[in-house]
Each structure stands twice: as C-alpha cells, then as structure tokens.
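Below is one structure; the comments refer to it alone.
Laboratory data are not the source of any read-out in this text; all were calculated from the coordinates shown. Values in this document were obtained by computation on a predicted structure and should not be read as measured data. Don't worry about glycine lacking a Cβ; one is built from the backbone with ideal geometry, like all the others, and counts go over all protein chains shown.
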Amino acid sequence: MAETVPAVSGESRIRVLAPEESRKIAAGEVIDRPAALVREFLDNAIDADSSQVELIIEEGGIGRTEVIDNGSGMGRADLELCWQTHATSKIRTMEDLSSTKTLGFRGEALAAAAAAAKLEILTSTDGREAWLLEIDPGGSLSRIGRARRAKGSSVRALGLFGSIPARRRFLKREGSEALLCGQVFIDKALAFPAIGFRFIQDGKLKLFLPPAAGYRERYAAALLERREGNFLHEVNAQGRGFTVTILIGGPELFRQDRRRQYIFANGRRIQDYALQQALEYGVQGVFPNGTHPIGAVFVDIDPALADFNIHPAKREARFADAGAVHHAITSALRDFMRRLSAGFGEGPAEAADGGRFLPFPAGNSAPSGNWRETQRSGETAGGRRSEHPGGAFTGRETGAPDYSPFRRDGPAGPLAMEALLNHPPPFAPLPRSLQAAEAGPRYGKTLRLAGRLFNLFILAETGDRFFIIDQHAAHERILYDRFLSRTVPRQELLAPIPFTTDSAEEDHFLGAHREELEKMGIGIEQEEGAWYISALPVNWKLSDGETVEEILKLRTAGENIAEHWAAALACHGAVRDGDYLDDAAALALAEEALALPVPRCPHGRPLWVEMSREDLFKAVRRT
C-alpha cells in the first residue's frame, strides 16, 4: 500500500497534478500499447470515409506508428483543435450517443497519443492546400504550418512512451507488439471490406487487401488459404432494430481453438462471450468434440439499442435485447447447418407429426417397456447427493432378468437383429428408399456385409465402393433423429427421485422449462422447496445422482435443450464399442447409416469413411 506524503503543519497533503502529468496518466486508459494507436488511428481514417488506408509500423509500433488515408482530411481550424482533450466532430451532446454510427466519438484518442508520443498530423481537404501539425511528447504544441499532400490525412506517432518510462517498461518485445498491431489491422479490415488496406512492417509489405465484394471475400482473403475459401458460408438473420451477417466455416475448417472467431457490432470488434457462444451453439453436433468452427458475426444495430460507451477502448457493448440477437444467430445457423448437412444425403423429410426431421417412416411404433435399474445406495455425482431414503430402487429388484438387448458377446451370444429392431431403445427399420424393391438401395447395388474391425466398425461394400462404419456413432445418430422427431416415450417411476438444487438459477431453470422437459420424457415436480423426478424416458439406465446431473446440465444448452437431451438419450442407448452384432443386425445398421440425411453423430464425428476400388488400388500401388 502506498504511503501518504506527511503534511507540513497547516499544509494540505492533497495536491492538484500539473496538467501535463494528469494527461500522461489519463493517456494510459486509451493508449496502453502500439496496437491501441493502430486501433484509434484506423478508426479515424475509416470515419473520414477513406477508400484506401495504409498502416506503417516500425520497431513493433513503438518507434513509429503511422496511418495514411485518402479520406476527407481537415482544414487548419480543425487541425488546431483535433489533438485537444475531448475535441470531436462526432457528437455535440450526450444524447448524440444514441444516434452516432462512427467508430470514434469521445475525442480522446489524439489527445492520448499526443501525451504518450511525438505526434505529427499532415492533412488536406482538397489536395491543393495542406497543413502539418507537430506535438512534442507530453502534449505541447511544437508547430503548425503549410505543407504539401494529396487529399486525406497522415497521422504519425513516434517514440511511444519515450517520456513515460514506467509504461514503456511493460511493453512486450517488438515482435509481439507487431503481432498485436497486425491483429488490430485484421479486425478493421474484416469489418470494412469495401476499403482497401495495406500493412507495412519495418519497410516490408506484410499484407495487402484490395477492396472486396463483401465480408466473406474479405475474411477468406485475410485469413484463409485459397482452397479453404470454398468452405466458408454466409448466413443472414434479422430482428427488431438489427440485422446480422454470419460467416461460418463448414466442418472441413474446424480448429482446435477459437482464435478465428470474431464478433463485431456496428463495425467494432467487441468481446462478447454470449454472442461467441451463440456461434458455437448454432453449429453444435456438426463439428467433432473438442474442435471449434471458424467464422465471424457482424451485428448492425440501431445505436439507440446499444451502448458502446462502457469501456475506454470500446471493446465491450451492451444491447437492449441481447437475447434477441443471440436467438437470431443460433436459429439462423441451425437452419443453415441442417440444409447444409442435408446436401450429403437424400435430404430430410417433413415430419408428419410436426417434428423436425424423419429419416424413417412416421408409422414406426414407439419403444415400450418400463424397467429401470438404479444403484442401491444414494450415491453422489459431481458433489450432488440423491436423497432417496434407504436405497434408490424405482423399478426392479436385483437379480431380475436383464431386458437390455445391448450386452457384450458371451453365453447369450451376439446382439441379434431382433434385439436391435424390437427392444428399447428402438432401432429404426430401413427407410422407404431402401425397402422399396423398385427404388433399390441408395448406392445403386445391394450393400454386402464384408466383416467387422476391432468390434468397433462395420465393413460393408457395394459395387466398387467400400465403407468403414462406426457402429456406435451410426446407431447414436439414428436414435438422436428419432428422439427429435416425436415426443419421447416415458415411464412413471414407482418411487420419485428427490433432490435439492445448489442455486436459485437451477430452481429457475427447472420451473421455467417444466413443460419442455415433459415433452422430453422427464417429469419434474416441486413440493415444499424440494424437487422430485417422477418420470423418465423408457429404458433410462443412469443412477439417481447421474440422472440429476444430466438434467441440470441442460442449463448450459441455451435454446438447444431438446437437442442436448436427445444426444444424451442416444449416447446412452446406442450400441457400445465392443458390442458384437450378428450379421443381419450389422447389415441393417450399415444400410440405415448410409441412408441418413446427416452423416455425423450428434457430437459431430463422421459416421463412416468411404473408399473406392480405385483409391485402394492406388494405396497399394496396384494398377
């Protein structure tokens, strides 16, 4: 803790800082490193209606940061004022904040730059008369005079923090600062594709982005390899007072991190976890687990419905109705991904009962049965204890016969086709396209079972094509589609499962979504502050503690509660790795998998790998 300066008798310890010192301290709120100079200078260039913008940095931007544009420029009167604190042409009163669409509006950037570095501004409004302004480090006017320049402005900062050693000490190495400058350059270029951008670092051209037709073309040119641009898609959505343009890469462009995800609002890149989450929610089930999509969200919103004046660098924003923006993004992406995925197969059919998609006939019987086994003791799961007294039996006693058809190969033999087709969880019969003799199988010839691999994969061939099918992932997708297409059949529990929540948020979730949970086969009741699970989907197998955890995890699913629950049901109900299917069941599963409209499991993994006879011959050098 800093010590206070002792006071001389009769003298105040409080001092008013000299203007030059207070300016240097305040400058750090806006200009904390070279990348902040780049951000502010580029904002001003874009606000000046420039069509060409060039960024030049030296020594990571510490030695020199300069932005050159061909925008509207300034006359002498404006130039004399522009570097003063809170001098701005963007607003006049506080009320103007509700209507301004410019990137800058507070009039702090040039004043902060002038306090932190030597500042030079060369500008002209018409290309005939130009003016040069020089500000010494610390923020004192050096000179203003005539000069020569084409229409536009050049703003240059030299020797950043040269007069503030305490701040310069905490800058990164030049290479790291240059990377940060480059990222800000990319941010601005992505948001304004109609403007041409050039980036020069230490005398070398690092990136040139000519004007582009739109966001998609600019993103591809700035961040992707040439061939990758073919897998980048543009999706549009709108709501009351806003429109959204979404760029999303297909599953071919997945990444291990989120560094290629960008969120913009009215041309500013912002840090908004909720909208980034919406981008991920909208494509859930399409990308493999542990991977992330690439893309960008561009929100164009009525300024009266957003507040950008909450962060010195305008990195954050508040929306009057953030939920509406979130919903627009997730809904648009989900609809698009369904159409994109449908392109892999025959396309989804409209559900006769109002469900989402039916990759099999609507008349299939619902699964039956009401057996459920749980553990005897009220175990804990993730720290949450089931409160069932004296054990947790709800359906059958120990030693009762195992009705589940999904058991490992042993004395009972392999899993039979009858078990897959007639016992819960249900395995759907073949689609009409495969049942109709006149139509024939999907791939033109009868599919033949060629064998199995590691008790994990089914090998099948047809004509000159060969498939390696993941039996668990394929069965999981079939069940997932079925659960989404209709109300999940449920069984009433002989003894309800009591449990308590850990937060008011969990209570609110259960109360608000009780009807939706009912449609998903989950009966939830509340009595005297405690919660009870009174019904669960047919053939539910998890213990009481695991069941409670699985239900409460749906809080993180956002608007995708049904999809998350269907994925959980499908995962727990599908055949397991190591389960051995008899020939008829294996062949039926292979045929059904290859007829699915979406060839990925609910977690995004592909269901099969395909090879042609020619591919195999090339692999073993056989011609």
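What list do you get for Lys172, Lys151, Lys188 if you sort them by fewest beta carbons within 10 Å?
Fewest to most other Cβ atoms nearby, the residues stand as Lys172, Lys151, Lys188.
Fully extended, how many nm does the chain gain between Leu494 and Gln277 (0.36 nm per residue separation, minus their Cα-Cα distance)?
Between Leu494 and Gln277, full extension yields an extra 74.2 nm.
For the pair Ile144 and Ala194, how long in nm is the line joining their label points, each one 7 Å along Cα→Cβ?
3.2 nm
What order, most packed first, do the peptides 279-285, 216-222 have when packing is the mean number of other Cβ atoms within 10 Å of each residue? If you can, show how the numbers build up before the last one.
On the way: 279-285: 22.6, 216-222: 19.7.
Ranked by mean Cβ neighbours within 10 Å, highest first: 279-285, 216-222.
Can you put Glu546, Glu40 in order, fewest other beta carbons within 10 Å first?
Glu546, Glu40
Calculated FRET efficiency, Thr556 and Arg339, Cβ-Cβ r, R0 22 Å, to nearest 0.05?
0.25
What spacing in nm lies between the two simple spin-label points modelled at Glu528 and Asp302, each 7 Å away from Cα in the Cβ direction?
Those two pseudo-labels are separated by 5.1 nm.
At 7 Å along the Cα-to-beta-carbon direction for both Ile468 and Gln256, put a label point, then send me their distance in nm to one decimal.
2.2 nm
For Ala322 and Arg226, what does the FRET efficiency come to when R0 = 30 Å and r is the distance between their Cβ atoms, rounded to the nearest 0.05?
Calculated transfer efficiency: 0.25.
If the limit is 29 Å between Cα atoms, which of Lys172/Lys553; Lys151/Lys172; Lys519/Lys553 go over it? Mind dumping the intermediate values first?
Details: Lys172/Lys553 41 Å; Lys151/Lys172 36 Å; Lys519/Lys553 17 Å.
In this structure, Lys172/Lys553; Lys151/Lys172 lie more than 29 Å apart at Cα.
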